[in-house]
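Worksheet: one structure, shown below.
The values are calculated or read from the model by the stated rules, or taken from the named source; none is laboratory data. Model, not experiment: these values are computed from the prediction. Here the Cβ positions follow ideal geometry from the backbone for every residue, glycine too, while neighbour counts run over all protein chains shown.
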Amino acid sequence: MNKTLLFVLLALLMPLVVNAYDFEVDGIYYNINPDGTSVSVTQDRNNYDNDGSTNYSYSGEVKIPSTATYGVHSYTVSSIGEDAFRKCRGVVSVKIPNSVTSIEEDAFNKCTGLSSVSMGNNITYIGRSAFQDCTGLTSITIPESVTIIDRNAFSQSGLTSVTIPYRVNSIGKEAFERCYNLSSVFIMDGVTSIAREAFSECTALTSITIPSSVTSIGYRAFDGCSSLAYVTILFGVINIEGRVFSDCTNLRSIYIPSSVTNIGEYTFTGCTGLTSLNLPSSVTTIGEHAFSGCTGLKSLTIGGRAISTDNISCRLKSATIGNSVTSIGDYAFGDCSNLKEVYCMEEQVPETSPYAFANTDIGSATLYVPASALDDYKSADVWKDFGTILPIEDTAYLLGDANNNGTVEIGDITSVLSLMANPDATGYNNKAADANQNGEIEIGDITTILTIMANGE
């Protein structure tokens, strides 16, 4: 008798457990929050189909009110709760009122039919996986009130463009990972960090500018962005972690400011389209495999001073290592099959991995070093294996110093314009005028000079 009564009670209580909502008004389900005055939007968990792939709690156009009245109580709608619209594949649009301050974890996850979201202007938090797998969502306006975009918030969504507001402290881990249609990203000045894999495998992304407020770019942040061609990093970034731009096969141009001190492991590995790279003298550490497999690199400058050779081939032939580098990791210049000249400006032999030049025939290459350190390099492991070691002659030049006055300033822009009009003009440093190191003197060099000036280099 007692067992029968227990089964009856369980059967009566089961719907209450499964439904997991406190009340419903006009087709919207709510849970009362602990404060007793506000509610979160939720779902009716009884509305899933047999295999659990679709939830029918909501469909079509959904307009969430700012208040919900139940009985004698009126509640403020303050959040879109965890799983609220999860797998509601029939929802096409959602309008969120200004009363809402947070969109919780998985709130719209797998809403594949969702194409339009209107957010109120008081939302501060977009939770983990909130819009993950929303493949029909091509655009969204993130309010300036937002301070946190959590992990996987928009990963694998259909977004084609996005603007990250200035109050966002950090773009979360994998926040936009595998957004295959995302071609335009604007990060506002104020964002302080880009977490690991934030934009990895965004294969349609073509360019990005990292604002000066950002101090750290996380591991694999742009890994596999195969269409990414142009990157500008403004002064402020200190650390570029490992694999940040690995396998960005279309990357042609990147500007790195003098605030950067560390180039992490595998940072540019597999960037086969990279033709030029300028690393500032502030860089002290080059991680293992940092440039391995960069078969298209024509010019590498470390330390802001470039030394070039005539008729550079489509593969790395000349590398300049600046006078602040103290450590060079495994395979940092591995597989650079056409490397013929290396200029190391450091008077103290850098701590160098025995595999720094692995699979690179340095026995057929020439190493140029400061005359005062010539004997040290000739006796140092790795460096002594170069076929020829010679003192550096005074052939270095300041990148962008087209008028050859020892500084990069507005007069160099005038000099570039003069050289564009008359390539055979004398009195200029043509190699320095080619500021973006693409082998031509053209309008892009002016843009690079302006960037150098803006970053105080």
Just to be sure I understand, how many residues within the stretch 175-198 are touching a Cys at 6+ places or on another chain (Cβ under 6 Å) and either modelled with pLDDT under 95 or not in a loop (DSSP other than H, G, I, E, B) (or both)? 0
Selection over the stretch 397-429 where residues are among the β-branched types (V, I, T) and either on the phi > 0 side of the Ramachandran plot or touching a Gly at 6+ places or on another chain (Cβ under 7 Å) (or both) yields a count of 1
So which pairs qualify, if the first residue must be in the stretch 150-177 and under 15 Å from E105 (Cβ atoms), the second must be part of a strand (DSSP E or B) and not charged (D, E, K, R), the Cβ gap must be under 8 Å, and the two must be at least 6 apart or on different chains? D150/Y125; D150/I126; A153/I126; F154/V162; G172/I148; G172/I149; A175/I149
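Can you confirm whether D189 is surrounded by fewer than 20 Cβ atoms within 10 Å (Cβ to Cβ), among the acidic types (D, E) and free of Cβ contacts under 8 Å to residues at least 60 places away in the same chain?
Yes.
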Of (1) without any contact (Cβ under 8 Å) to a residue 40 or more places away in the chain; (2) more than 22 Å from N359 (Cβ to Cβ), R243 satisfies every one except (2)
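Among the listed residues I321, I307, I413, I392, which satisfies the condition of being at pLDDT 80 or above and among the hydrophobic types (A, V, I, L, M, F, W, C)?
I413
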Can you tell me which residue within the stretch 196-218, out of those that are surrounded by 20 or more Cβ atoms within 10 Å (Cβ to Cβ) and touching a residue at least 40 places away in the same chain (Cβ under 8 Å), is farthest from C179 (Cα to Cα)? G218
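For the stretch 325-369, give me each residue that is of a type in the set (D, E, K, R) and closer than 11 Å to W383 by Cβ. Before the answer, list the steps.
Step one: filter the stretch 325-369 for residues of a type in the set (D, E, K, R), giving 330, 335, 340-341, 346-347, 351, 361.
Result: E346, single match.
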Scan the stretch 101-120 for residues that are assigned to a loop (DSSP other than H, G, I, E, B) and either crowded, with 23+ Cβ neighbours inside 10 Å or under 26 Å from the mean Cα position of the chain (by Cα) (or both) and jot them down. E104, E105, D106, A107, F108, N109, K110, C111, T112, L114, S115, M119
Based on this model, can you work out whether D412 counts as crowded, with 19+ Cβ neighbours inside 10 Å, out of contact with any Phe, Trp or Tyr (no Cβ under 9 Å at 6 or more places or on another chain) and assigned to a helix (DSSP H, G or I)? yes
Filter result (closer than 20 Å to G120 by Cα and touching a Leu at 6+ places or on another chain (Cβ under 9 Å)) within the stretch 130-188: F131, C134, L137, T138, S139, I140, F154, L159, S161, V162
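Listed here are the residues, each with its yes/no results for (1) surrounded by fewer than 17 Cβ atoms within 10 Å (Cβ to Cβ); (2) touching a strand residue (DSSP E or B) at 6+ places or on another chain (Cβ under 8 Å); (3) part of a loop (DSSP other than H, G, I, E, B); (4) among the aromatic types (F, W, Y).
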{"site": "Y343", "(1), (2), (3), (4)": "no, yes, no, yes"}
{"site": "L367", "(1), (2), (3), (4)": "no, yes, no, no"}
{"site": "I389", "(1), (2), (3), (4)": "no, yes, no, no"}
{"site": "L417", "(1), (2), (3), (4)": "yes, no, no, no"}
{"site": "A425", "(1), (2), (3), (4)": "yes, no, yes, no"}
{"site": "A435", "(1), (2), (3), (4)": "no, no, yes, no"}
{"site": "G439", "(1), (2), (3), (4)": "yes, no, yes, no"}
{"site": "I446", "(1), (2), (3), (4)": "no, no, no, no"}
Do we have any residue at all in the stretch 87-101 that's touching a strand residue (DSSP E or B) at 6+ places or on another chain (Cβ under 6 Å), more than 22 Å from I164 (Cβ to Cβ) and among the small types (G, A, S)? yes
Which of the residues that make up the stretch 221-255 are within 11 Å of the chain's Cα centre (by Cα), small (G, A, S) and at positive phi? G224
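From the list T42, T67, exactly one residue is within 23 Å of I126 (Cβ to Cβ) and surrounded by fewer than 16 Cβ atoms within 10 Å (Cβ to Cβ). Which is it? Give the derivation first.
Values: T42 fails: surrounded by fewer than 16 Cβ atoms within 10 Å (Cβ to Cβ).
Just a single option satisfies the conditions, and that option is T67.
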Can you tell me which condition D375 does not meet? The list is (1) under 25 Å from I449 (Cα atoms); (2) in a helix (DSSP H, G or I); (3) among the acidic types (D, E), and all the others hold. (1)
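Can V146 be described as in a strand (DSSP E or B) and either in contact with a strand residue (DSSP E or B) (Cβ under 9 Å, 6 or more places away or on another chain) or of a type in the set (G, A, S) (or both)? Steps first, please.
Working: in a strand (DSSP E or B): no; either in contact with a strand residue (DSSP E or B) (Cβ under 9 Å, 6 or more places away or on another chain) or of a type in the set (G, A, S) (or both): yes.
Considered against the rule, which asks whether it is in a strand (DSSP E or B) and either in contact with a strand residue (DSSP E or B) (Cβ under 9 Å, 6 or more places away or on another chain) or of a type in the set (G, A, S) (or both), V146 comes out as no.
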Selection from the stretch 244-266 of residues that are surrounded by fewer than 23 Cβ atoms within 10 Å (Cβ to Cβ), within 22 Å of A204 (Cβ to Cβ) and in contact with an Asp or Glu (Cβ under 9 Å, 6 or more places away or on another chain): D247
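Return yes or no: is F154 over 18 Å from I103 (Cβ atoms) and crowded, with 19+ Cβ neighbours inside 10 Å? Full working, then the answer.
Numbers: over 18 Å from I103 (Cβ atoms): no; crowded, with 19+ Cβ neighbours inside 10 Å: yes.
No, not satisfied.
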Odd one out for S258 among (1) under 11 Å from the mean Cα position of the chain (by Cα); (2) over 21 Å from F333 (Cβ atoms): (1)
